[in-house]
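Nothing in this text is a laboratory measurement; each read-out follows from the coordinates by a stated rule. The structure displayed is predicted, hence computed values, not measured ones. Cβ atoms come from the backbone with ideal geometry, glycine included; neighbour counts cover every protein chain shown.
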Amino acid sequence: MWKGRLAIASLLLVSLLAGLSMCAIRGASNDQLEVYSWWTGPGEEEGLAAMAKAFEAANPGVRFVNAAVSGGAGSNAKAILASRLLANDPPDSYQRHAGLELLDDVRSGKVHDVSDLYDEQGWREVFPKGLLDNLTIDGKIYAVPVNIHRANLLWYNPQTLRDLGIQEPPKNWAEFLAQAEAIQAKGKVALAVGPEWTQKHLMETVLLGELGPNGYESLFNGNLAWTTPQVSSALDTFAKVLAVSDVKSASGDWQPQIDRVVQGSAVYAVMGDWASNYLEQTKKLRFGETYGAVASPGTDGVYDFLSDSFTLPTGARRPDLSRKWLVECGSAAGQNLFNPLKGSIPARTDADAALYQGYLGWALQQWRDPKTRIVGSLTHGVVANNAYNAEIDSALGLFVQHGDLGKFARTVQQQFRETQ
Ligand code: GAL
């Protein structure tokens with residue numbers, strides 16, 4: 001009898017405690033906003049923190065939870081996010097690139113249409129039309145862009161060029177390969193690369209430089225096959241470029257890749273312009289003096305763009321707070337806080353240009369120049385959906401190991417058809 005009462009009493013106590021702790025969890029989640037990104041490096045972390053602080057100030061009592069997962073280009077974050085979305089455990093907002101990277105989420109109902117925020121905030125007038133087109137799927141807009149990055153840049157240390165007697169960085173890949181021969185003869189590495197995604201980033205810029213912007217775009221809209229002689233020849237250049245890089249020994253992410261250029265053991269690196277902030281804030285170097293950046297070979301006047309954007313996931317715990325976060329991301333104040341620290345330029349056309357100096361001043365001027373030709377990045381989600389991008393990753397990994405270009409081109413071509 002007593003045993004029975006004790007058992008019932010303990011059951012009640014357990015359920016009471018469980019109930020209390022559920023309330024505690026719910027209570028906590030009510031007052032917090034979990035934002036998911038891959039910004040853990042110098043500069044990007046500070047940029048995010050600045051926006052987080054502004055968000056908390058505008059929403060007293062709400063805690064900003066930074067759920068960033070490290071790994072350049074989202075190399076780890078995207079996989080973890082995929083499993084969270086599959087388990088219906090989304091963060092309250094997550095980072096995606098503008099462009100086809102959003103497509104799967106939209107098709108599988110993982111994100112909400114936020115077109116009404118665009119109307120409410122007047123964003124259709126302040127974001128460039130091309131960018132809006134990249135955020136629109138079936139007439140609806142699914143993410144809010146916070147910045148613009150440029151992918152096609154060649155970084156160097158001017159002192160290294162002087163030491164080697166190199167007058168100026170190469171204007172095309174043939175010139176690069178000629179310089180590389182002389183560089184290797186002097187015992188240095190011509191090009192630093194990093195992990196797999198940086199190799200794809202490099203391939204993207206070689207294709208752009210060799211095929212030109214029209215050819216590059218045709219590869220991704222199906223008008224140019226990867227197996228044509230023109231593309232084979234561009235891929236052959238890519239293979240030659242890889243051969244004079246440190247791909248066999250490279251380790252670490254994009255920062256160590258850039259470090260080798262700063263130290264002078266490698267002469268060049270192709271990387272996106274998040275490198276500018278790393279060079280300026282972390283390495284204390286100055287654009288045009290102690291570090292240099294030019295359009296990657298063969299791409300002068302072309303801006304290979306990408307844009308970091310944030311979403312409103314289906315099942316976000318407090319959609320009202322998620323929307324407030326999106327307003328922060330899309331606001332002029334938020335963009336002007338974030339971008340000078342992040343090393344990117346604002347997505348808004350009306351942001352304060354005076355805040356963007358040095359490299360960023362040049363980037364803004366190039367982006368706004370009507371003569372500039374804008375194309376979208378492959379590696380950073382603009383021109384290929386996730387399934388196609390993943391297939392390119394696998395094929396590229398095999399190519400880097402075994403060097404079979406024909407097989408690479410055939411696989412990528414076939415996968416283009418299968419993943420559309
Ligand atoms: C890109 C992203 C940038 C930067 C970079 C390196 O995909 O858009 O903001 O994070 O990766 O991690």
key: Residue with peak Gaussian network fluctuation, the chain [Cα springs, cutoff 10 Å], from S70, S322, S331   = S70
key: Expected 222 nm ellipticity per residue - DSSP helices of 4 or more, -39500 (n - 2.57), all of the chain, to 500   = -16000 deg cm²/dmol
ask   = Where does the chain land on Rg/Rh, using Cα atoms and the Kirkwood Rh?
value = 1.04
ask   = Which whole-number percent is the relative contact order of the stretch 292-412 (Cα, under 8 Å, 6+ apart)?
value = 26 percent
inquiry  = With equal scatterers on the alpha carbons only and no solvent term, can you work out the Debye log10 of I(q)/I(0) for the stretch 37-158 at 0.10, 0.14, 0.21 1/Å?
reply    = -0.38, -0.75, -1.50
query = In this model, which of K171/K342; K248/K342; K78/K110 are farther than 23 Å apart at the alpha-carbon?
reply = K171/K342; K248/K342
task = Just round it to a whole percent: the fraction of Cα-Cα distances in the stretch 60-106 exceeding 12 Å.
result = 70 percent
ask   = To the nearest 0.05, what FRET efficiency results for Q414 and Q167 with a Förster distance of 45 Å applied to their C-beta separation?
value = 0.55
Segment N76-S265, extension gain: residue separation times 0.36 nm, minus the distance between their alpha carbons = 65.2 nm
task = Just the number, please: percent antiparallel of the DSSP beta bridges in the chain, rounded to the nearest 5.
result = 55 percent
ask   = For the stretch 212-292, what D do you get in µm² per second when you plug the Kirkwood radius from alpha-carbon pairs into Stokes-Einstein at 10 °C and 1.306 mPa s?
value = 105 µm²/s
message = Taking every DSSP beta bridge with both residues inside the stretch 147-306, roughly what % is antiparallel (nearest 5)?
response = 65 percent
request  = Give the span of the stretch 273-418's Cα atoms along each principal axis, as three whole-Å numbers ordered largest to smallest.
outcome  = 49, 48, 33
request  = Collect residues whose amide H, placed 1.01 Å from N in the peptide plane, falls under 5 Å from the amide H of G376; neighbours closer than 5 in sequence don't count.
outcome  = F305
